[in-house]
Amino acid sequence: MDFGGGDEIRFERRGAAGVVTLTRPKALNALTLGMVVAMSKAFAAWEQDDSLSRVVIKAEGRAFCAGGDIAQVYHAMRAGTPPVRFFADEYRLNAALARFPKPCISLIDGIVMGGGVGISCHGSHRVMTEKALFAMPEVGIGFFPDVGGSFFLSRLKGSYGMYLGLTGGRIRAGDALRGGIATHAVGSASLDEIVDRLCEGDDPDQVLKTFAATPDCETDEGTLLSVARLFSREKLADLLVGLEQAREAGEAVAETALAAIGKASPTSVAVTFRQINTGAMLDMDECMRMEFRILNRMLASHDFPEGIRAAVIDKDGAPKWRPASLAELTDASVEAYFAPLPGGELEL
């Protein structure tokens, strides 16, 4: 089936299923505009196709999808042509996946970050193996957890989404399952058989129940209770004070969190805090419009290209943020990221 995307993505009809396979393993299946447009066309067509009762998304290589191709984003920004269209199309795809009426089963057998989260975590079934590694690390490159992060992170219990968004913490299948990010955990060796049975038309819930594993959680209950207490604040300043106090009291999670936040872009941290708190009160489409507002301001900012430079281009790991500290930020400068767009809002 040819919806476009060239050799970066493959579409197949297999029995009862439409199967999407990401085929950029050397690039960790990072999303390109061509892949996003092709997926949008496929989902629109398959939604209307009564012969297909479900969609399966999988990937080649050691990553499900490590995010968008941020090197391309960097070069576009440097050339004075920020890739607004890429993000607009990506956000529209995220919103379409969230309202897709058929079961959408993502088989996550490796790294899933950023844009990879956007094409998996809004579907009905998020299946992770022992090889899965989840993160939303955007604050570390001067960005924010987009692709619907304001919607799903804000809805994780125990302020877990705020913790992941502000720290960029990496988690495995056990924590993802307990936290509600994954719906099922299975063994990597069973994926081919799972795909076969899904394509044969077996009930997705029964198929996944048959192969379900119960991995140990990587984070203990005491740490999760600390996360719930420390990250459920109405003001970022109060959250940071609480973390400082907890660090002085010897709570390891506070030490780790403060170290991560201290390395991140101060602007990104402040915007992300407001974004996740606000997202809890919005539906998915409203979240995507809010994120598009933030995105446009991030593309015109100093920190986003600087963060990509330090992490991906020069790889010196030494971004120079502006402003350099949270203390230098004003409420007005943060609020500006959320202001209505003069040129019009994202159309979904």
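The values are calculated or read from the model by the stated rules, or taken from the named source; none is laboratory data. Quick caveat: nothing in here was measured; it's all calculated off a predicted structure. Here Cβ is always computed from backbone atoms with ideal geometry, including for glycine, and neighbour counts include all displayed protein chains.
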Original post:
Before we move on, is Ala260 surrounded by fewer than 20 Cβ atoms within 10 Å (Cβ to Cβ), at pLDDT 95 or above, touching a Gly at 6+ places or on another chain (Cβ under 8 Å) and not assigned by TED's automatic domain parsing to the domain that holds Ser120?
Top reply: yes
Original post:
Of all residues in region 70-102, how many are farther than 12 Å from Gly115 by Cβ and of a type in the set (Val, Ile, Thr)?
Top reply: 2
**OP:** Kindly establish whether Ser333 is in contact with a helix residue (DSSP H, G or I) (Cβ under 8 Å, 6 or more places away or on another chain), buried (at least 21 other Cβ atoms within 10 Å of the Cβ) and at negative phi.
**Re:** no
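Can you tell me how many residues in region 14-60 are part of a strand (DSSP E or B) and over 25 Å from Ser188 (Cβ atoms)?
Matching residues across region 14-60 total 0.
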**OP:** Working carefully through the options Glu306, Glu291, find the one that is within 30 Å of Arg92 (Cα to Cα), in contact with an Asp or Glu (Cβ under 7 Å, 6 or more places away or on another chain), acidic (Asp, Glu) and at pLDDT 95 or above.
**Re:** Glu291
**OP:** Return yes when Thr278 is over 18 Å from Gly169 (Cα atoms), part of a helix (DSSP H, G or I), modelled with pLDDT of 95 or more and among the hydroxyl-bearing types (Ser, Thr, Tyr) and no when it is not.
**Re:** yes
Original post:
Looking at region 61-76, which of the residues that are crowded, with 19+ Cβ neighbours inside 10 Å and either in a loop (DSSP other than H, G, I, E, B) or not small (Gly, Ala, Ser) (or both) is modelled with the lowest pLDDT?
Top reply: Asp69
**OP:** Tell me which residues, restricted to region 141-158, are in contact (Cβ under 8 Å) with a residue 40 or more places away in the chain, assigned to a helix (DSSP H, G or I) and surrounded by 21 or more Cβ atoms within 10 Å (Cβ to Cβ).
**Re:** Ile141, Gly149, Ser150, Phe151, Leu153
Original post:
Which of the residues belonging to region 49-64 are touching a strand residue (DSSP E or B) at 6+ places or on another chain (Cβ under 6 Å) and either more than 14 Å from Pro103 (Cβ to Cβ) or not assigned by TED's automatic domain parsing to the domain that holds Ser124 (or both)?
Top reply: Lys58, Ala59, Ala63, Phe64
**OP:** Scan region 38-53 residue by residue and report those that are of a type outside the set (Gly, Ala, Ser) and either surrounded by fewer than 23 Cβ atoms within 10 Å (Cβ to Cβ) or on the phi > 0 side of the Ramachandran plot (or both).
**Re:** Lys41, Phe43, Glu47, Gln48, Asp49, Asp50, Leu52
**OP:** Could you check, for region 82-105, whether at least one of its residues is of a type in the set (Gly, Ala, Ser) and out of contact with any helix residue (DSSP H, G or I) (no Cβ under 9 Å at 6 or more places or on another chain)?
**Re:** no
Original post:
Can you name the condition, by its number, that Val117 falls short on among (1) part of a loop (DSSP other than H, G, I, E, B); (2) touching a strand residue (DSSP E or B) at 6+ places or on another chain (Cβ under 9 Å); (3) within 23 Å of Ala27 (Cβ to Cβ)?
Top reply: (1)
Original post:
How do the pairs read when you match residues in region 178-197 that are in contact (Cβ under 8 Å) with a residue 24 or more places away in the chain with residues anywhere that are in a loop (DSSP other than H, G, I, E, B) and basic (Lys, Arg), using Cβ under 6 Å and keeping only pairs 6 or more apart or on different chains?
Top reply: Ser188/Lys131
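May I ask you to say which residue of Arg289, Arg247, Arg309, Arg293 is basic (Lys, Arg), closer than 28 Å to Gly174 by Cα and part of a helix (DSSP H, G or I)?
Arg247
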Original post:
In this structure, is Ser226 in the same structural domain as Ala280 (by TED's automatic domain parsing), modelled with pLDDT of 95 or more and touching an Asp or Glu at 6+ places or on another chain (Cβ under 6 Å)?
Top reply: yes
Original post:
Can you find a residue in region 187-194 that is farther than 26 Å from Ala264 by Cα, among the charged types (D, E, K, R) and surrounded by fewer than 20 Cβ atoms within 10 Å (Cβ to Cβ)?
Top reply: yes
**OP:** Go through region 198-215 residue by residue and tally those that are touching an Asp or Glu at 6+ places or on another chain (Cβ under 8 Å), free of Cβ contacts under 8 Å to residues at least 40 places away in the same chain and buried (at least 20 other Cβ atoms within 10 Å of the Cβ).
**Re:** 0
